[in-house]
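Asks: Next up is a structure, given as structure tokens.
The values are calculated or read from the model by the stated rules, or taken from the named source; none is laboratory data. Computed from a prediction, not measured in an experiment: that's the story for all the values here. Note that we place each Cβ from the backbone using ideal geometry, even for glycine, and neighbour counts take in every protein chain shown.
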Amino acid sequence: MLALAVAVELLLQHTVLGRYINTLGRSEPALLASGVDTAQVRRVVYALCGLLAGIAGIMLTARLGVAAPTTAIGYEVDVIAAAIIGGASLFGSEGNVLAVLLGTLLLQVIRSGLVLLGFPVYWQQAAMGALILAAIVVDWYSHRFWRDT
């Protein structure tokens, strides 16, 4: 996981493709105006996403010892929560891989703490939802503040 995280961070921060991906997230018309084929960049992003999802599926199967298609139901919410808590913006092209890893760590620490304290599963889900909502509100207010100044 750490090797993949470092590789993705290096790709995003130190390559032309990484700059294209960041620009595509911020302003697709700007990337298009600079003469870059945005459809090609989008295809590369989807291909990389599929590759990384496949690697995650192989790792999950190796960990659990079973390849059931319903194993990872609900993980998409965890992924979005970790990204948002780690500082990735819903408004586009902000955040980095290290911050998302720290967001994942924080999310798991909170979840483990709630389990150890004996909170029911529905309260754990409610706490995660409240944490996600708080991160979204902070992100929205920070963008609103910087846009108005």
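Asks: Kindly evaluate G113 against the criterion of being assigned to a loop (DSSP other than H, G, I, E, B) and at pLDDT 85 or above.
Replies: Numbers: assigned to a loop (DSSP other than H, G, I, E, B): no; at pLDDT 85 or above: yes.
Judged against the criteria, G113 is not a match.
Asks: When you check M128 against the structure, is it surrounded by 10 or more Cβ atoms within 10 Å (Cβ to Cβ) and at pLDDT below 85, yes or no?
Replies: Yes.
Asks: Of all residues in segment 98-123 being of a type in the set (V, I, T) and surrounded by 14 or more Cβ atoms within 10 Å (Cβ to Cβ), which is nearest to I58 (Cα to Cα)?
Replies: At the first step, the residues of segment 98-123 found to be of a type in the set (V, I, T) are 100, 104, 109-110, 115, 121.
Okay, now just the ones that are also surrounded by 14 or more Cβ atoms within 10 Å (Cβ to Cβ), so 100, 104, 110.
Working: V100: 21, T104: 19, I110: 26 Å.
Among those residues, the one meeting the criterion is T104.
Asks: Tell me whether segment 39-54 contains one or more residues that are touching a helix residue (DSSP H, G or I) at 6+ places or on another chain (Cβ under 7 Å), over 18 Å from L98 (Cα atoms) and among the hydroxyl-bearing types (S, T, Y).
Replies: No - not one qualifying residue is present in segment 39-54.
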